[in-house]
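Heads up, the thing below is written out as structure tokens.
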């Protein structure tokens, strides 16, 4: 029960922090300069720019109603429920955040907005849900047509940009491209940075003792591989393990305590997915 409560609070933190950061970027930097955002937020901004009396939070929420009705048939129940929570938080943040940031340079605003939005989106990606919008549309396209989630998001963003180019000055669209590019870069760096692992390849004469120590004492997952020396042709056992960056030192110490002559190769693993890692899609 305590573990479930702690996990829910952690998910709530990710959804709240991510949604508030994205909403702050839109309200403080995007809207004052007339930029367009990505996804359904972009469509909501287009509507609000054409009819300024409409509140952006309410418009965004309304656009998501048919999206959630459709998405309920294609995505998991947990993802939908957490996304409803994220949608509520994001819509309220769009409605109530009213900040006037005194930065006149539109390029600087586009970069700052992209950075904030990218960090916020990365936090949302780490949660069990989303803030609604293009994330759910992308998953539906994936389920129906086999289109990757990334490609689905690109399709939605392309539609927003084409519509913006037709309705608004080209200058605004170009600044929007800068915003989207910076946001995408930050999503990639922050999301994969949080999940980045190191792979360890260990060769030792005492491989069994090393493997036992890593799994039983230090709780590292290991896989035993069969190898052969290229020079002498000797059969060898190799130990393969994927660990967090901050766990590399502990792994090396554990191996050296048993075999000081062990060969250890540490390599970067830019993207690791799987149930045991906790980095798999949550939908």
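The values are calculated or read from the model by the stated rules, or taken from the named source; none is laboratory data. Just so you know, these numbers come straight off a predicted model, no measurement behind them. Cβ coordinates were reconstructed from backbone atoms using ideal geometry, including for glycine residues, and neighbour counts include every protein chain displayed.
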* Members of region 90-123 that are buried (at least 20 other Cβ atoms within 10 Å of the Cβ) and farther than 17 Å from residue 181 by Cβ -> 90, 91, 93, 94, 123
* Are any of the residues in region 130-137 within 18 Å of the chain's Cα centre (by Cα), more than 19 Å from residue 172 (Cα to Cα) and free of Cβ contacts under 8 Å to residues at least 60 places away in the same chain? -> yes
* Hits in region 138-162 (condition: touching a helix residue (DSSP H, G or I) at 6+ places or on another chain (Cβ under 6 Å) and in contact (Cβ under 8 Å) with a residue 40 or more places away in the chain) -> 140, 149, 153, 156, 160
* **Unmet criterion (only one of (1) more than 20 Å from the chain's Cα centre (by Cα); (2) touching a residue at least 60 places away in the same chain (Cβ under 8 Å)) for residue 71** => (1)
* Structure fact -> Every listed condition ((1) at pLDDT below 90; (2) assigned to a helix (DSSP H, G or I); (3) under 21 Å from residue 171 (Cα atoms)) holds for residue 112 save (1)
* **Test for residue 76: is it modelled with pLDDT under 85 and closer than 19 Å to residue 14 by Cβ** => yes
* To do: All but one of (1) at pLDDT below 85; (2) surrounded by 14 or more Cβ atoms within 10 Å (Cβ to Cβ); (3) more than 30 Å from residue 47 (Cβ to Cβ) hold for residue 191, so report the exception by its number.
  => (3)
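Which members of region 2-59 meet the condition of being outside any helix (DSSP H, G or I) and buried (at least 19 other Cβ atoms within 10 Å of the Cβ)?
Filtering region 2-59 for residues outside any helix (DSSP H, G or I) gives 34-38, 51-55.
Those that are outside any helix (DSSP H, G or I) and buried (at least 19 other Cβ atoms within 10 Å of the Cβ): 35, 36, 37, 38.
So which residues in region 164-180 are out of contact with any helix residue (DSSP H, G or I) (no Cβ under 6 Å at 6 or more places or on another chain), surrounded by 14 or more Cβ atoms within 10 Å (Cβ to Cβ) and in a helix (DSSP H, G or I), if there are any at all? Reasoning before the result, please.
Here is the first cut: in region 164-180, the ones out of contact with any helix residue (DSSP H, G or I) (no Cβ under 6 Å at 6 or more places or on another chain) are 166-172, 174, 176-177, 180.
Keeping just the survivors that are surrounded by 14 or more Cβ atoms within 10 Å (Cβ to Cβ) gives 168, 172, 174, 176-177, 180.
Correct list: 172, 174, 176, 177, 180.
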